Amino acid sequence: MAKINYAFNEDDKAKTAKAVGKSLKISPKHAVELCRELRGKKLESAKVYLEEVIQMEKAVPFKRHNKKVGHRKGLTGWPSGRYPVKAAAQILKVLENAEANAEYKGLDAENLKIMHISSHRGFIVRGWTPRAFGRASPFNTPTTHVQIVLGEA
């Protein structure tokens, strides 16, 4: 497996904490929309936001991948959105891992801010599903790499 480098150049390594989730079995499109919403938020507000998405209380506005996406209530400034529960749960795990790394480095947990968060397409798990008359169709599973860098604000 290839080494994944961070798409972020840090100035001071002592004030940042990093975490990466490799080959997560979540949709890359859902991960892109969630990362866009979380970018620049405080750590505690980001965790609360992800918990609300998991409980389907707050919708994530889909600004880029929004073809045939219905409108959701509670969205301001953008009508179309969804509740990507699976992706939110996986990104929350990576975020909590980054928080644990920050605490291990001795950073102040109350002042942590998401300096960088991005998602990239991973490899595709190839699969097949049987069809009629002895044929088969591809049934592939996409994977996603998620990178998070926390820093003191």
Peptide ranges 43-56, 126-139, 78-91 listed from the most packed, as the mean C-beta count within 10 angstrom indicates: 78-91, 43-56, 126-139
Report the label-to-label distance for residue 63 and residue 85 in nanometres (one decimal), using points 7 Å from each Cα along the Cα→Cβ vector. 2.7 nm
Between residue 121 and residue 42, what length in nm is gained on full extension when 0.36 nm per residue of separation is reduced by their alpha carbon distance? 25.9 nm
Mean-square fluctuation maximum in Gaussian network of the chain, Cα pairs under 10 Å, restricted to 97, 111, 140, hits 140
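For residue 25 and residue 105, FRET efficiency with R0 = 30 Å and r from the beta-carbon atoms, rounded to 0.05?
0.55
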Tell me, what is the FRET efficiency for residue 52 and residue 10 to the nearest 0.05, using R0 = 22 angstrom and their Cβ-Cβ distance as r? 0.15
Rounded to whole Å², per residue accessible area for the stretch 30-153 with a 1.4 Å probe reads 59 Å²
Carbon and sulfur atoms: what percent of the 1.4 Å accessible area of the stretch 67-153 do they account for? 53 percent
Along Cα→Cβ, 7 Å out, is where each label goes; now give me the distance between the ones at residue 153 and residue 113 in nm to one decimal. 0.6 nm
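The values are calculated or read from the model by the stated rules, or taken from the named source; none is laboratory data. What you see is a predicted model, and the numbers here were worked out from it, not measured in a lab. Here Cβ is always computed from backbone atoms with ideal geometry, including for glycine, and neighbour counts include all displayed protein chains. Accessible surface areas use protein heavy atoms only, side chains included; no ligands, DNA or RNA. Shrake-Rupley method; radii C 1.70, N 1.55, O 1.52, S 1.80 Å.
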